[in-house]
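Comments concern the structure below.
The values are calculated or read from the model by the stated rules, or taken from the named source; none is laboratory data. Keep in mind it's a predicted model, so treat the numbers as computed, not measured. For neighbour counting, all protein chains shown are included, and Cβ atoms are generated from backbone atoms with ideal geometry for every residue, glycine included. Just the protein is used for accessible areas: all its heavy atoms, side chains included, with ligands, DNA and RNA removed. Shrake-Rupley method; radii C 1.70, N 1.55, O 1.52, S 1.80 Å.
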Amino acid sequence: MAGGSGEALAVDTEVVIVGAGIAGLATALALRRVSVGGVLVLERHSSTPTGAALTVYPNGWIALRALGVGHKLTSRYEGCGTCVGPADRKALLEALAEELPPGTIRFSSKLVSTNTETAESSPETAVLRLEDGTVIRAKVLIGCDGVHSVVARWLGLSKPVTSGRSAVRGLAVYPDGHGLRKEVRQFLSEGLRAAMVPINDTEVYWFLVNNTVAAQKEARTDPMKILREVTDNLGSHMPPEYLDVVRHCSHESVSWVPLLYRSPWSILTGRAARGPVTVAGDAFHPMTPDLAQGGGSALEDAVVLARAVSRAATPAEGVAAYVSERRGRAALLVAGAYLSGWVQQGGTDVQGLRGCMVKLFRDWIFYRFIFRRLAGMMWYDCGDLVPPTSNEEGKNHSG
């Protein structure tokens, strides 16, 4: 079951997770930590997607420790554990996947549709149909399938909307060492925000967030065109050391995507749970990267969701408890990220009196008062994962 064979199958399992990104693998591991068995992760690609890097704040490290993998990453990044620091996305995904039993991840498994059914005297069951004809029935379905989530769409959550901005991200590789100081360097200009930060002695994570331009549609699938657009146009006025980092970028790590988010109101009031079905990570609360909380909040989701499911009498109760606990924080993170991005970048191309008002708000209100509160949210403790007590041991939600 670890790889799609092309044969039509009928599969029954306890839990199905759609998506083998950070949210999906972290949720699978969290469920394993609380002794929930029969977990199957569906990944539509032929291998686990990797990407460039992410910034991990204290809340993320707390969740990683709860998952039992924090030590694998802190040993790679000097001084981290409760600090703010970059992490290689591939290394994080590998650290999570290594803790899962063989066969947990089923590759080349694209979800086509989902529904639920109720048999007499049995709890509601999720029914999934894959592109290869496989039909899977599960007592719990968790959509971790990203911004364009099939599961979120089935639940009825509102479609993510554009922020009017896009982000180019990449990982620069210097085999002989980059010689840069281990610090974050950020650059702001009209309608643009960029930064770079060393991950270790040979790799540097960089990004550039810009107001969406027409060139993105043409270049977004061609790494060489993307990098050329950054060095020759979007970031041509950047310092030489930044452009050198971009030129050293690994082609397989580079991406250029529009920044989407789900409105905080939709997160607070939308239907994020339906019987035994729910969503986590970007499938639940896609946000702009301006607080660097996409990965951290997905790790939090995993811990809270596993804990809720393991303690509930039925899958539906566990899913509902998880959504109730996560709605408020997720909505605040989305709103805070959007405001932070607009103030720091979106306000740079506003002219006249309105431009002056934006700058006054940014310098005298946002940075002095609001950002401090937003920064405090990055110390959030999602709690521990505690296996079921003796009288709950082995709970499989069989009804």
Computed over the chain, the ratio Rg/Rh where both radii use C-alpha atoms and Rh is Kirkwood: 0.98
Accessible area in the full protein assembly, largest first, 1.4 Å probe, for Trp256, Trp342: Trp342, Trp256
Nonlocal amide H pairs with Phe187, under 5 Å, H built at 1.01 Å: Ala194, Ala195
Calculated P(r) tail over 22 Å for region 138-211, as whole % of Cα pairs: 51
Order of exposure, largest accessible area first, which applies to Met238, Met357 with probe 1.4 Å: Met357, Met238
Accessible surface of the chain [probe 1.4 Å, protein heavy atoms]: carbon and sulfur percent: 52
Sorted peptide list for 331-337, 199-205, 264-270, criterion being average Cβ within 10 angstrom, highest first: 331-337, 199-205, 264-270
Solvent exposure, largest accessible area first (probe 1.4 Å, DNA, RNA and ligands not counted), of Lys72, Lys225: Lys225, Lys72
Positive minus negative residues near Cys382 (Lys, Arg vs Asp, Glu; Cβ under 15 Å): +2
Solvent-accessible surface (1.4 angstrom probe) belonging to Arg311, in square angstrom, nearest 10: 140
Exposure of Lys139 as accessible area (Å², to 10), given a probe of 1.4 Å and all protein chains: 60
Where labels lie 7 Å past Cα in the beta-carbon direction, separation of Asp222 and Trp379 in nm: 4.9
Number of Lys pairs (Cα under 22 Å; 8 or more positions apart or on different chains) in the chain: 9
